[in-house]
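The values are calculated or read from the model by the stated rules, or taken from the named source; none is laboratory data. Source: prediction; values computed, not measured. Glycine gets a Cβ as well: all are built from the backbone with ideal geometry, and neighbour counts include every protein chain shown. Accessible surface is based on the protein model in full, side chains and every heavy atom, while ligands, DNA and RNA are left aside. Shrake-Rupley method; radii C 1.70, N 1.55, O 1.52, S 1.80 Å.
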Amino acid sequence: MGKKGKEIVKAKLDEVIKDLLAAYSDEWLAHYQYWLTARWIRGMDADTLKGVLEKQSADELVHAGKLAERIIQLGGQPVMNPNQLIEKAGCGYKEPPKDPADLKTVIQDVLNAEACAIEYYSKMCEKYRTTDLVTHEIFEDLLKDEVDDEEEWEKFLTKP
Ligand SMILES: [Fe+2]
Ligand SMILES: [Fe+2]
């Protein structure tokens, strides 16, 4: 990052990078969880859920990309070894249900993941509001997306 770009970051770089790495790990894990679940599930409403899982899985990967760019810009390294993704994640990973027809669990697991992301991003937005404007904007962007994701999944809960 350039001189002025660095100068305007008032937060501690190590801490910003650590917070970005947690988000980066969670986005990869959500991407993988949704991608795999889309292929695993079976049953009546599976096709509808599949489409949404595929789309959101792709979105989470885009999120990981934005976070990786900012990590590198700040002089950090994205998680180089996938073994460390779970270790660094804040929200973690939930395996698809053993029973591929258990769509209720699928919906609940995604909602839990999205709720955790919303909580984290909202906390991060507050934290960097005045100390790192660029990082703040990335977290804000991602927060908006996760709020949309949650809304989309909550609709499935209210379906009879
Ligand atoms: Fe995301
Ligand atoms: Fe999401």
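Summary of computed values
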read-out	value
Over segment 53-119: Kirkwood hydrodynamic radius from C-alpha pairwise inverse distances, Å	13.8 Å
Karplus (6.51, -1.76, 1.60) ³J(HN,Hα), θ = phi - 60°, over segment 9-15, in Hz, Gly and Pro reported as x	7, 9, 6, 6, 4, 4, 6
Length-normalised contact order of the chain in % [C-alpha pairs under 8 Å, at least 6 apart]	29 percent
Three principal axis lengths of segment 104-160 [C-alpha, angstrom, descending]	46, 14, 12
Between helix 133-158 and the chain: long-axis angle, C-alpha atoms, 0 to 90°, nearest 10	10 degrees
Point-charge dipole on Cβ atoms (K/R +1, D/E -1) for the chain, about Cα centre, debye to 20	520 debye
Heavy-atom surface of segment 1-145, accessible at 1.4 Å and reported per residue (Å²)	55 Å²
Principal-axis tilt of helix 103-128 within the chain, Cα atoms, nearest 10 degrees	10 degrees
Globularity ratio of segment 1-66, using Cα Rg and 2.2 N^0.38 Å	1.60
Förster radius 22 Å - calculated FRET efficiency between Lys144 and Ile72 (Cβ-Cβ, nearest 0.05)	0.40
Convex hull volume per residue for segment 48-160, taking Cα atoms only, in Å³	108 Å³
Trp40 accessible area, assembled protein chains, probe 1.4 Å, Å²	100 Å²
Arg42 accessible area, assembled protein chains, probe 1.4 Å, Å²	130 Å²
Computed E for Leu61/Glu7 - FRET, C-beta separation, R0 30 angstrom, nearest 0.05	0.40
Cα-based radius of gyration of segment 1-116 once divided by 2.2 N^0.38 Å, which approximates compact folds	1.24
